[in-house]
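> To start, I am sharing the structure in question, which I have written as structure tokens.
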Amino acid sequence: MTFNDCFRSPETLVPLDQALDLLAANVHPVTQVENVSTFTAARRILAQDLVSSVTNPPFDSSAMDGFAFRFADLAQAADGSLKVTARIAAGLFHTGAFAVGEAAQIFTGAPLPAGLDTVAMQEDCTLDGDRLRLPSGLKIGNFVRRTGEDYTTGTTVLPQGKRLRPQDVAIAAAIGRAELPVYARLRIGVFSTGDEVVEPGRPLPDGAIYGSNRHAVAALCAGLGAQIEDLGNIPDDLNATIARLNDAAARCDLLITTGGVSVGGEDHVRAAVDHLGAIHLWRLAIKPGMSTAFGHVGAVPFVGLPGNPVSAQVAFMLIARPVILRLSGATAEPIHPQRFPVRAAFSFRKDHPRRQFLRVSVETGEDGAPQAVLYRSQEPNILSSLVNTDGLVDLRENLRQVQPGDMVEFLPYAVLQW
């Protein structure tokens, strides 16, 4: 990884888009390739383009249960009816010829016999013995699935670097692939920091808090398909921090810490990373999450998240998520998250030039349209503001004020956590 050291200046806040573009250009897959069963491949990341060796549909077939016929025969039918001379089920080819005025009963997915070019739905037809009366208004080619209308041999149906969804697994199976080449799961070591942090389930001394950040980060990493190594809590000691990070770098593909990357007297993580490697990005022009850091410990990438619980999760969704996706091989994924326009149902004034992310719920307005409702507190320590909201409203650097009725950019947690 090659970075411009000017981004390390603590006096300069790095814009989010600039940081994301820098990460996209410099962070590359670090995991090996392995083959897995297509049946279990969902949420894994495809390591090669998937090219079809078959054509789909492989033959002209019926899209409905109904009757197949030659469209031109309709003009020659004396009494407007055709004679049904065959019955064709799915999986069976009919090899016989059809004379003028003859039709076949056919079922969904069954191959269309040679010479027949149109299908009428069974519900629209009348059958009296072997005489078939068809509805009016039919057009040639009705309800016929044409050969190759989905994809043909040689088509790239899925690109390398794509995270496999259920529909992606389906198309892989449809082209006959029993196994798929995927990137091995990224191994992420997750630390929290701070002498005040106590593990849930233990007695809580005066002045201490239960640690939630490590649990949140581990869950977010797991949602991205990574393997998690819980590395516990690092005390506020520089030598201990150096030793713990150095040990973890020997067996992980990525290290993530929460807390210890600001400028406080007991914030030792940034100094420890500088001792073992380097910090490439620090202090982003965002709120919350300004004191986010990216660098490496030895040869292993490192992400340092803030200590406040909201800041840690928001910074993860904005910065750690794209880092994890790139390291995992998900190069087909957009580095900038998708956003949706939603009407604001709140007033807000931003008194700084940073990019701010507000926690909001999306509710239905009186006119039936969705609207963004601001949570009662936007402080970075209020965990309930994440629990009781649906996503973030992105207030870009040059946007200083929002009024009710303004359109704002909404980022759902469902997008930011997958």
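> Please pick out the residue among D274, D267 that is among the acidic types (D, E) and touching an Asp or Glu at 6+ places or on another chain (Cβ under 9 Å).
On the way: D274 fails: touching an Asp or Glu at 6+ places or on another chain (Cβ under 9 Å).
Being among the acidic types (D, E) and touching an Asp or Glu at 6+ places or on another chain (Cβ under 9 Å) holds for just one of D274, D267, which is D267.
> Another question, then. Which of the residues belonging to the stretch 192-227 are aliphatic (A, V, I, L, M) and out of contact with any Gly (no Cβ under 8 Å at 6 or more places or on another chain)?
Just the residues of the stretch 192-227 that are aliphatic (A, V, I, L, M), to begin with: 197-198, 204, 208-209, 216-220, 222, 224, 226.
Within the stretch 192-227, L204, A208, I209, A216, V217, A218, A219, L220, A222, L224, A226 meet the criteria.
> Taking the stated definitions as given, is V190 modelled with pLDDT of 95 or more and crowded, with 22+ Cβ neighbours inside 10 Å? Please lay out each step first, then the result.
Working: modelled with pLDDT of 95 or more: yes; crowded, with 22+ Cβ neighbours inside 10 Å: yes.
When the stated conditions are applied, V190 passes them.
> Select from the stretch 381-398 the residues that are surrounded by fewer than 17 Cβ atoms within 10 Å (Cβ to Cβ) and among the polar types (S, T, N, Q) and write down the one among them that is nearest to F346 (Cα to Cα).
Applying the filter and picking the extreme gives N388.
> Taking the criterion of being assigned to a strand (DSSP E or B) and either closer than 16 Å to R131 by Cα or acidic (D, E) (or both), would at least one residue in the stretch 46-66 satisfy it?
Our first condition is that a residue be assigned to a strand (DSSP E or B); within the stretch 46-66, this holds for 46, 50-51, 56, 61-62, 66.
If we keep only those that are either closer than 16 Å to R131 by Cα or acidic (D, E) (or both) too, we end up with 66.
Yes, that holds for at least one residue.
> Counting just the residues of the stretch 1-29 that are of a type in the set (V, I, T) and at pLDDT 55 or above, which one comes out farthest from M290 (Cα to Cα)? Quick ask: steps written out before the conclusion?
Quick first cut of the stretch 1-29, residues of a type in the set (V, I, T) only: 2, 12, 14, 27.
Still in the running and at pLDDT 55 or above: 12, 14, 27.
Details: T12: 11, V14: 9, V27: 21 Å.
Among them, the one singled out is V27.
> How many residues does the stretch 292-338 hold that are without any contact (Cβ under 8 Å) to a residue 24 or more places away in the chain and under 18 Å from V415 (Cβ atoms)? Break it down stepwise before answering.
Applying the first criterion (without any contact (Cβ under 8 Å) to a residue 24 or more places away in the chain) to the stretch 292-338 yields 295, 334.
From what is left, the residues that are under 18 Å from V415 (Cβ atoms) are 334.
Residues that pass the stated criteria total 1.
> State whether one or more residues within the stretch 352-374 are in contact with a helix residue (DSSP H, G or I) (Cβ under 7 Å, 6 or more places away or on another chain), hydrophobic (A, V, I, L, M, F, W, C) and either surrounded by fewer than 12 Cβ atoms within 10 Å (Cβ to Cβ) or outside the structural domain of T292 (by TED's automatic domain parsing) (or both). Full working, then the answer.
Within the stretch 352-374, the subset in contact with a helix residue (DSSP H, G or I) (Cβ under 7 Å, 6 or more places away or on another chain) is 355, 357, 359.
Filter again for hydrophobic (A, V, I, L, M, F, W, C), leaving 357.
Imposing the further condition that a residue be either surrounded by fewer than 12 Cβ atoms within 10 Å (Cβ to Cβ) or outside the structural domain of T292 (by TED's automatic domain parsing) (or both) reduces the set to 357.
Yes, the stretch 352-374 has at least one match.
> Moving on. Which count do you get for residues in the stretch 126-143 that are under 44 Å from the mean Cα position of the chain (by Cα) and closer than 12 Å to G66 by Cα?
Residues meeting the conditions: 2.
> With the condition being within 26 Å of the chain's Cα centre (by Cα), under 30 Å from A47 (Cβ atoms) and at pLDDT 95 or above, I'd like the strands (runs of 3 or more DSSP E) fully within the stretch 296-404 carrying at least 1 qualifying residues.
Details: elements: 300-305, 340-344, 355-364, 370-374, 391-395.
Once the strands (runs of 3 or more DSSP E) in the stretch 296-404 are filtered for at least 1 residues that are within 26 Å of the chain's Cα centre (by Cα), under 30 Å from A47 (Cβ atoms) and at pLDDT 95 or above, what remains is 300-305.
> Now a separate question. Every residue in the stretch 79-111 that is closer than 17 Å to S62 by Cβ and touching a residue at least 40 places away in the same chain (Cβ under 8 Å), please.
If the condition is that a residue be closer than 17 Å to S62 by Cβ and touching a residue at least 40 places away in the same chain (Cβ under 8 Å), then L82, V84, T85, I106, F107, T108, G109, A110, P111 are the ones that fit.
> Considering G232, G201, which residue is over 28 Å from the mean Cα position of the chain (by Cα), farther than 21 Å from A24 by Cα and part of a loop (DSSP other than H, G, I, E, B)?
Working: G232 fails: part of a loop (DSSP other than H, G, I, E, B).
After applying the criteria, what remains is G201.
> From G211, G223, G194, G207, grab the single residue that is of a type in the set (G, A, S), over 19 Å from the mean Cα position of the chain (by Cα), within 26 Å of A414 (Cα to Cα) and assigned by TED's automatic domain parsing to the domain that holds R270.
Working: G223 fails: over 19 Å from the mean Cα position of the chain (by Cα); G194 fails: within 26 Å of A414 (Cα to Cα); G207 fails: within 26 Å of A414 (Cα to Cα).
Within the list G211, G223, G194, G207, the selection yields G211.
> Pick from the stretch 84-126 the residues that are part of a strand (DSSP E or B) and touching a His at 6+ places or on another chain (Cβ under 6 Å): which of them is surrounded by the most Cβ atoms within 10 Å (Cβ to Cβ)? First the steps, then the outcome.
Kept after step one, since they are part of a strand (DSSP E or B), are these residues of the stretch 84-126: 84-88, 102-106, 111, 118-121, 126.
Restricting the remaining residues to those that are touching a His at 6+ places or on another chain (Cβ under 6 Å) gives 86, 88.
Details: A86: 15, I88: 20.
For the stretch 84-126, the residue satisfying everything is I88.
> Going through the stretch 170-187 one residue at a time, which ones are part of a helix (DSSP H, G or I) and either buried (at least 19 other Cβ atoms within 10 Å of the Cβ) or among the charged types (D, E, K, R) (or both)? Write out each step before concluding.
Pass one, the stretch 170-187, residues part of a helix (DSSP H, G or I): 170-174.
The answer is A172, and nothing else.
> Looking only at the stretch 105-125, count how many residues are of a type outside the set (S, T, Y) and over 40 Å from the mean Cα position of the chain (by Cα). Spell out the reasoning first.
Of all residues in the stretch 105-125, those of a type outside the set (S, T, Y) come to 105-107, 109-117, 119-125.
With over 40 Å from the mean Cα position of the chain (by Cα) added as a condition, the list becomes 105-106, 113-117, 120, 122-125.
Qualifying residue count, the stretch 105-125: 12.
> Output yes when any residue across the stretch 141-149 is surrounded by fewer than 18 Cβ atoms within 10 Å (Cβ to Cβ), touching a residue at least 12 places away in the same chain (Cβ under 8 Å), part of a loop (DSSP other than H, G, I, E, B) and among the acidic types (D, E), and no when none is.
Yes, because at least one residue in the stretch 141-149 is surrounded by fewer than 18 Cβ atoms within 10 Å (Cβ to Cβ), touching a residue at least 12 places away in the same chain (Cβ under 8 Å), part of a loop (DSSP other than H, G, I, E, B) and among the acidic types (D, E).
The values are calculated or read from the model by the stated rules, or taken from the named source; none is laboratory data. What you see is a predicted model; the values in this text were computed from it and never measured. Cβ atoms come from the backbone with ideal geometry, glycine included; neighbour counts cover every protein chain shown.
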